[in-house]
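Some notes on the structure that comes next.
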Amino acid sequence: QVQLVESGGGLVQAGGSLRLSCAASGRTFSSSNVGWFRQAAGKERQFVAGLTRVQITYYADSVKGRFTISRDNAKNTVFLQMNSLKPEDTAVYYCAAGTKVAARSDKDYDNWGQGTQVTVSS
């Protein structure tokens, strides 16, 4: 079991940047695949970025080139660097961990954080 806690959300103007962090605890974190999802008000949760345990990254088309996912296994932390933010990036962002490689569906992740709010003003 992996426990996850997100931080780093906030209010930012369009074009700005934020860095989200996800602190993990649990013995299996370093062998887990991790992902970031987001859920805007009134919408379904959607995949944002993923990172396998062998450091392969993959992104949703809507954030490719703007967001970067990374991990520091020594610190049990996953990051999401978000640049060139747009109002449509406004959502609650969740990190997740699981065992399925290159998963893009939330059904393929077993452990979730509580989420952190990101609001981008125009």
Query raised in the report: Contour minus end-to-end for Ser105 and Asp61, with contour as 0.36 nm per residue of separation and end-to-end as the Cα-Cα distance?
Result: 14.4 nm
Requested in this report: Starting from the Cα of Ser84, step 7 Å along the direction of its Cβ; do the same at Leu11; then give the gap between the two resulting points in nm.
Outcome: 2.6
Query raised in the report: Measuring with a 1.4 Å probe in the full set of protein chains, what accessible area per residue, in whole Å², belongs to segment 2-122?
Result: 50
Requested in this report: Using a 1.4 angstrom probe on heavy atoms only, work out the carbon and sulfur share of the accessible area of the chain in %.
Outcome: 47
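The values are calculated or read from the model by the stated rules, or taken from the named source; none is laboratory data. Given the structure is predicted, the values throughout are model-derived calculations rather than measurements. Neighbour counts run over all protein chains shown; Cβ positions are idealised from the backbone, glycine included. When the accessible area is computed, the model is the full protein with side chains, heavy atoms only, and any ligands, DNA or RNA have been set aside. Shrake-Rupley method; radii C 1.70, N 1.55, O 1.52, S 1.80 Å.
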